[in-house]
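Here's the structure we're looking at; comments come further down.
Every read-out reported here was derived from the displayed coordinates using simple, explicitly stated rules and does not represent laboratory data. These figures come from a predicted structure and were not determined experimentally. All Cβ positions, glycine included, derive from the backbone under ideal geometry; neighbour counts span all protein chains shown.
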Amino acid sequence: MAEEIVNRVAQSKLMVVDLEDYYPDGERYVFDIKNWLYEGFVLREKEFRQYVKDYDWSQHQNQYVALTCSTDAIIPAWSFMLLTLELQPYAKKVCVGNLETLETSLFQDVINALDVESYKDKPVIIKGCANKPVPTNAYLMLSSKLKPVAKSIMYGEACSSVPLFKRKK
C-alpha cells in the first residue's frame, strides 16, 4: 500500500505574497520631450509652451505616464510640472523618470495601501520570478512593510526560498 502524498506547504501557516497579483493594470507611456527642445537640447519657454498648448493631451486617457528627456539637456522643474498639470485630467499617474521609476511609484502606492495585518506572526514568502515588470524597489518596500508584523520573511518559492529575516523572541 502506497503512502499518501502530503503537501506540507499547503498545510503550513506559510503565507505567500506575489507582487504580480498587485500589478496595476493600464498602459504605460514614456513621454520624451526631446523633440520639443531646440536642437534637442535647449528649452525655449515660448516654443515649449506652444507645444504644450497644441498637444492633444486626451490621448493619454487612463495611461500611466513617465516624463523624461532622452538627451543630456538641463530641464527646469517647472516644465515637468506644466506637463503634469496638462496630463492630470487624463493620466492615472504621472512621474518624472523612466519606466522603472514609474513602476516603482505605482508599487509604492500599492504597498502603502496594503493591509499586512493578515501576515501578523506568520512566516511569509515574498514570491520572486514575476512575469510582469515588478521593480526591485517594490520587493524592498514590501519586505520593510512586512518586517514589523511577520514572524519571518523569505524570498523565492516554498520549495527553494532564501531566508531574509526571523524575528527574535
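Between K13 and N98, what FRET efficiency follows from the Cβ-Cβ distance if R0 is 41 Å, with the result rounded to 0.05?
Efficiency for this residue pair is about 0.55.
So, how do all the Cα-to-Cα distances of the stretch 77-169 break down into 10 Å bins, in percent, from 0 on up?
15, 37, 26, 14, 8, 0
List every residue whose amide H lies under 5 Å from the amide H of L67, counting only residues 5 or more places away in sequence or on a different chain, with H placed 1.01 Å from N in the peptide plane.
F31, C95, V96, G97
What value, in deg cm²/dmol to 500, does the helix sum -39500 (n - 2.57) over DSSP H runs of n ≥ 4 give at 222 nm once divided by the residues of the chain?
When only DSSP H runs of four or more count, the value is -9000 deg cm²/dmol.
Using θ = phi - 60° and the Karplus curve 6.51 cos²θ - 1.76 cosθ + 1.60, what whole-Hz ³J(HN,Hα) does each residue of the stretch 46-52 get, with Gly and Pro shown as x?
4, 5, 4, 4, 5, 4, 4
Count charges around T68 for me, please; just the other residues with Cβ under 9 Å from its Cβ, Lys/Arg as +1, Asp/Glu as -1.
Net local charge, T68 excluded: 0.
Using +1 at the C-beta of Lys and Arg and -1 at the C-beta of Asp and Glu, which of I111, N98, L85 has the Cα lying farthest in the positive direction of the dipole of the chain?
Of the candidates, I111 comes out farthest on the positive side.
Here are a few candidate values for mean projected area of the Cα convex hull in nm²: (i) 14.3; (ii) 14.9; (iii) 11.1. Which one was actually calculated from the structure I just gave you?
(i)
Through the Karplus equation 6.51 cos²θ - 1.76 cosθ + 1.60, θ set to phi - 60°, convert the phi angles of the stretch 16-31 into ³J(HN,Hα) values in whole Hz; use x for Gly and Pro.
With coefficients 6.51, -1.76 and 1.60, one gets 10, 10, 10, 4, 4, 5, 9, 4, x, 6, x, 6, 9, 9, 9, 9 Hz.
Longer than 29 Å from Cα to Cα, which of K13/K145; K13/K93; K93/K122; K13/K169 are they? Say none if no pair is.
K13/K93; K93/K122
Among the chymotrypsin sites (Phe, Trp or Tyr not before Pro) in the stretch 59-95, which ones are in a DSSP loop with at most 16 other Cβ atoms within 10 Å of the Cβ? Mind listing them?
Listed in order of number, the matching sites are Y90.
Can you tell me the relative contact order of the stretch 1-139? Whole percent, Cα pairs under 8 Å, sequence separation 6 or more.
The normalised contact order for the stretch 1-139 reaches 34 percent.
Using the alpha-carbon centroid of each, what span in Å lies between the stretch 139-155 and the stretch 108-129?
Comparing the Cα centres of the stretch 139-155 and the stretch 108-129, I get a distance of 7 Å.
Work out the FRET efficiency for L85 and K132 from their Cβ-Cβ distance, taking R0 = 25 Å, and round it to the nearest 0.05.
About 0.25, to the nearest 0.05.
Antiparallel as a % of all DSSP beta bridges within the chain, to the nearest 5?
So the antiparallel bridges in the chain amount to around 25 percent.
By how many nm would the segment from Q59 to D109 grow when fully extended, if each residue of separation counts as 0.36 nm and the alpha-carbon distance is taken off?
Answer, rounded to one decimal: 15.6 nm.
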